[in-house]
Structure formats: structure tokens, C-alpha cells
Amino acid sequence: MSKQTVLTGITTTGTPHLGNYVGAIRPAIIASNDAQVTPYYFLADYHALIKCHEPERVRQSSLEIAATWMALGLDTSNAIFYRQSDVPEILELTWMLTCVTSKGLMNRAHAYKASVDENEQEGGADPDKGITMGLFSYPVLMAADILMFNAHKVPVGKDQIQHIEMARDIAGRFNHIFGEHFVLPEAVVDNNAATLSGLDGRKMSKSYNNTIPLFAPEKKFRKMINKIKTNSLEPGEPKDPDNCTLFSIYQAFATPAELDAMRVRYAEGIAWGEMKKHLFEYINDQIGPARAHYDELIQSPDVIEQALIEGAVRAREVSVPFMQKIRASVGIQKIRSL
Ligand code: TRP
């Protein structure tokens, strides 16, 4: 089998949490070690501007997300690890794609539709109230991220599948008009990893404000674990692991044998306090060394910057000549080289 390009990005608007780790970063780092894979992992900072107009937050988040990938052992001499905004060809491609994307396709994008629905429920006169062109055409920017590097596989959460399908659509349309330039990408959804529960038992997500930061200082991390909601069963009463946030988080870290052993303890009525202690210690042991590395990296932003610059140089070795080809295919090129 020939090498497969795997590409994914994380929007730089928040602090990486346990859900990001088990759902996206951990599997991506594992995939990056496969010799059959060319990994492209990036900080989606242009995407951040769609929902966040706080420059300090975007800056801080970019630093934290980059430090997280590196602290967790992403081999940046192998993976092409870059900041989206360091590859200006992506924006140029966005325009080329915008010009073959039907507006109707974008009308169906769920992020846009959700905003329209909200406006309609509020009963105001303008269904597009507060909706920017950035939000509306965001799937085109995402398509450009993916098509720029002809990614075969795009690991994402379920909520992003629609965008990958749109990228396929847009690629097909462009290929049909201007020639076979783009690989049609496929979404890869890891069903085991996709849903980590948060503090309140709902899916761990920035938008629910129920996240546990991945690299919170140890004390704070312990506190957060202690805050996870449980039911009021007493120690000694049998408990159901399959309806338990603590167990579901444990599941994302422990081995099958450890899980079996824990099921027995649930049946025997393990106390919630005991389970929380165990969960804290278990995860803390796993991520402790990476946390120390993370703290070091955050203190040395130059090291992070250097890695990102090297990544951008490698990305542009691909994007610059490819964009030349794309420009020529649509008829935008020098009339004559002098
Ligand atoms: N929109 C994605 C998210 O919110 C992040 C993202 C941006 C992305 N560009 C991408 C993911 C390209 C995969 C490929 O999760």
C-alpha cells in the first residue's frame, strides 16, 4: 500500500482537555508513528477567528495546544506540525474553492443551521443575526486545509463528518471543472475514543463548560476529578459502571483487564470517594511525565516557535508548488515569463 496522508487540526480557542486528549490527540500521535502514514497536524488558528474575537485567548490557546502536542511526544521531525496561518496558500486555495462551492451546500452546514435555528426560535426579524461570513463559509476553509495536502484520511469527532463530506463534494466539483487535482478525503471516526463524559456527565466539551484540563496542576486536577458528578449510592451498595461518568473516564485510560477488575469492585460497592481517588491516581500517573514536559515547554515558547516554523517550511514545500499548479489550472498565471 502506498503512503497515506493523515491530516487533522485543532481550533485554537481553548485549553486542551481530557476529551481532546483521548478523542483526538492520543490517537493522532499513535497514527503518526505508523511508517505507512504521512501525518499533517496543525493549529487551526484561522478557524479560531470564526468564534473568538479575543486576541489574547487565541494567542494563549495556540501556545497551549502546540505545547500539548509536543509534550505528549509528537515527533515533529516526522509529523508535519504547523500553524495554519503560516501557510498562506491555504487562504488562496480557500478562494479558489469558494468559487466552485454552491451556496446551497453551505446553507446545509450544521454550524450555520444551528445559528439560524436559534435566531428563529428567538423570533427576531433576521434569521442571520450575528452570523458572519466566516461562520457561513467555514466548511470551505476546512476543505482547503484538507485538500491543500491531498489528505486521504481525516480523523475527527462525529460533529465534523459533515464537513469532510463537504470537502469531498467541493473537491469533486473542482476536479470535474479543472482536472483531477484533489484526492477525495475520508473522515475517520474513532468510536471508542469519541465520547468522554465531562464533570456533569454530558459529553466533555468546551461548549458545555464541563471539561477537565489535561495539564492542570496536580492539585487542581485532583479537585476537578473530585467534582465529577455521581449518584448518591452509599459505600457497599452495588453500582452500575455503565452509567457512571467516573467509570467511563477510567475506560478511556485503563486496560481491559483493569476494567474487568474495576467492574468487580463496582459490583462489590466501591465508595465514590475511593473510585475518585483511584481515577485521579491512575490518570495522574499516566499523564504526569507529559505534564512536567508541558510546563517546561510553556516556559520556553522559543522551542515551540522553532518547531512550528520548521513545520511550516515543510508544509510550504508542498503547498507552494501545488498552488502554482492550481493557479495555472484556473487560468491565473503570468501571461509570459520575462
Ligand atoms: N473544525 C475542526 C473542529 O472544530 C477543526 C479543523 C479545522 C479541522 N480544519 C480542519 C479538522 C481540517 C480536520 C481537518 O474540530
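Details
- Qualifying residue in segment 67-75 (condition: at pLDDT 95 or above, part of a loop (DSSP other than H, G, I, E, B) and touching a Ser or Thr at 6+ places or on another chain (Cβ under 9 Å)): yes
- Set side by side, the residues GLU56, GLU92 differ, and just one is open to solvent by 40 Å² or more (accessible area, probe 1.4 Å), of a type in the set (Asp, Glu) and more than 25 Å from ARG327 (Cβ to Cβ), which is GLU56.
- Filtering segment 157-184 to residues that are more than 10 Å from the ligand (Cβ to nearest atom) and part of a loop (DSSP other than H, G, I, E, B) leaves GLY179, GLU180, HIS181, PHE182, VAL183, LEU184.
- Among the residues making up segment 1-17, those that are more than 12 Å from the ligand (Cβ to nearest atom) and either buried (at least 23 other Cβ atoms within 10 Å of the Cβ) or of a type outside the set (A, V, I, L, M, F, W, C) (or both) are SER2, LYS3, GLN4, THR15, PRO16, HIS17.
- Taken over segment 116-156, the residue count meeting the criterion of being open to solvent by less than 30 Å² (accessible area, probe 1.4 Å) and within 16 Å of the ligand (Cβ to nearest atom) is 15.
- Matching residues in segment 18-42 - criterion: being more than 13 Å from the ligand (Cβ to nearest atom) and either acidic (Asp, Glu) or crowded, with 21+ Cβ neighbours inside 10 Å (or both): LEU18, TYR21, VAL22, SER32, ASP34
- Residues in segment 16-42 that are in a helix (DSSP H, G or I) and of a type in the set (A, V, I, L, M, F, W, C): LEU18, VAL22, ALA24, ILE25, ALA28, ILE29, ILE30, ALA31.
- Subset of segment 248-264 (residues that are farther than 15 Å from ILE212 by Cα and open to solvent by less than 90 Å² (accessible area, probe 1.4 Å)): GLN251, ALA254, THR255, ALA257, GLU258, LEU259, ALA261, MET262, ARG263, VAL264
- Scanning segment 157-174 for residues that are open to solvent by 10 Å² or more (accessible area, probe 1.4 Å) and out of contact with any Pro (no Cβ under 7 Å at 6 or more places or on another chain) returns GLY157, LYS158, ASP159, GLN160, ILE161, GLN162, GLU165, ASP169, GLY172, ARG173.
- Among (1) touching a residue at least 40 places away in the same chain (Cβ under 8 Å); (2) within 15 Å of the ligand (Cβ to nearest atom); (3) more than 18 Å from GLU92 (Cα to Cα), the one test that ALA187 misses: (1)
- Checking ALA261, ALA267 one by one, the residue that is without any contact (Cβ under 8 Å) to a residue 24 or more places away in the chain and over 30 Å from the mean Cα position of the chain (by Cα) is ALA261 and no other.
The values are calculated or read from the model by the stated rules, or taken from the named source; none is laboratory data. Since we're looking at a predicted model, the values are computed, not measured. FYI the Cβ positions are ideal-geometry reconstructions off the backbone, even for glycines, and counts take in every protein chain you see. Each accessible area value is taken on the protein alone, full model and side chains, heavy atoms only, with ligands, DNA and RNA left out. Shrake-Rupley method; radii C 1.70, N 1.55, O 1.52, S 1.80 Å.
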